[in-house]
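The values are calculated or read from the model by the stated rules, or taken from the named source; none is laboratory data. Just so you know, these numbers come straight off a predicted model, no measurement behind them. Cβ coordinates were reconstructed from backbone atoms using ideal geometry, including for glycine residues, and neighbour counts include every protein chain displayed. Note: accessible area is taken over every heavy atom of the protein model, side chains too, but ligands, DNA and RNA are not part of it. Shrake-Rupley method; radii C 1.70, N 1.55, O 1.52, S 1.80 Å.
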Amino acid sequence: MADMKVSFDWGPTKKCFDSKSPPISLSGVPAGTKTLDIRMKDMDVPDYNHGGGKVDFSGQKSLAYGAFSYTGPCPPSGKHKYRFTVKALDAGGKTLASATADKMFP
């Protein structure tokens with residue numbers, strides 16, 4: 001497995017189900033990666049499915065705000081901790097590497 005890393009900033013993300021993904025930075029994505037599979041989880045309410053999306057990968061170091069659609073953060077009270085998991089997939093869908101990043105919202 002490669003030493004893949006991912007980080008993100010909420011940036012322009014609006015509270016309560018902003019459907020546009022936040023800006024995401026990538027490094028160490030392994031050669032042969034064709035697709036990034038990205039999922040978000042609320043670590044305080046892990047049963048809620050925020051979903052995620054797939055993005056074609058062509059060597060980019062970042063994904064812009066809105067690169068994919070998902071159900072954005074909407075903590076009912078206070079702050080919640082959210083985790084993005086990014087999997088690097090080859091052309092056949094095999095996972096080459098994965099990385100996670102956590103951040104509180106809002």
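Bridgeable lysines around Lys94 (alpha carbons under 17 Å apart, same-chain partners fewer than 8 residues away excluded): Lys34, Lys54.
Work through the residues other than Ala31 whose Cβ is under 15 Å from its Cβ and net out their charges, Lys, Arg +1 and Asp, Glu -1.
+1
Taking amide H as placed 1.01 Å from N in the peptide plane, the amide H of Tyr82 sits under 5 Å from that of Met43, Lys103, Met104, Phe105, each at least 5 places away or on another chain.
Other residues with beta-carbon under 13 Å from the beta-carbon of Phe105 carry, at +1 per Lys or Arg and -1 per Asp or Glu, a net charge of +2.
For segment 51-90, give the percent of accessible area contributed by carbon and sulfur heavy atoms, probe 1.4 Å, rounded to a whole number. Present the calculation step by step, with values, prior to reporting the outcome.
Details: 880 of 1920 Å².
Reported share for carbon and sulfur atoms: 46 percent.
The 3J(HN,Hα) values that the Karplus relation (6.51, -1.76, 1.60; θ = phi - 60°) gives for segment 56-62 are, in residue order, 5, 10, 9, x, 5, 9, 8 Hz. Gly and Pro appear as x.
Residue by residue, segment 90-106 carries 3J(HN,Hα) couplings of 7, 4, x, x, 6, 6, 8, 6, 8, 8, 10, 9, 10, 7, 7, 9, x Hz when phi is fed to the Karplus relation 6.51 cos²θ - 1.76 cosθ + 1.60 (θ = phi - 60°); x denotes Gly or Pro. Largest GNM mean-square fluctuation across Asp44, Asp18, Asp90, computed for the chain with C-alpha springs under 10 Å, falls on Asp44. One decimal place: the segment Lys103-Ala64 gains 12.3 nm when fully extended, by the rule 0.36 nm per residue minus the C-alpha distance. Our coupling estimate for segment 66-82, obtained by passing each phi through the Karplus curve with A = 6.51, B = -1.76, C = 1.60 and θ = phi - 60°, is x, 4, 8, 9, 7, 9, x, x, 7, x, x, 7, x, 10, 10, 9, 10 Hz, Gly and Pro reported as x.
Full extension of the segment from Phe57 to Met43, taken as 0.36 nm per residue of separation minus the current Cα-Cα distance, would add 2.3 nm. Summing charges over all other residues whose Cβ lies under 12 Å from the Cβ of Ala67, with Lys and Arg as +1 and Asp and Glu as -1, gives +1.
Summing Cβ point charges (Lys, Arg +1; Asp, Glu -1) relative to the Cα centre of the chain gives a dipole of roughly 100 debye.
What separates the Cα centres of segment 1-23 and segment 81-102 is a distance of 13 Å.
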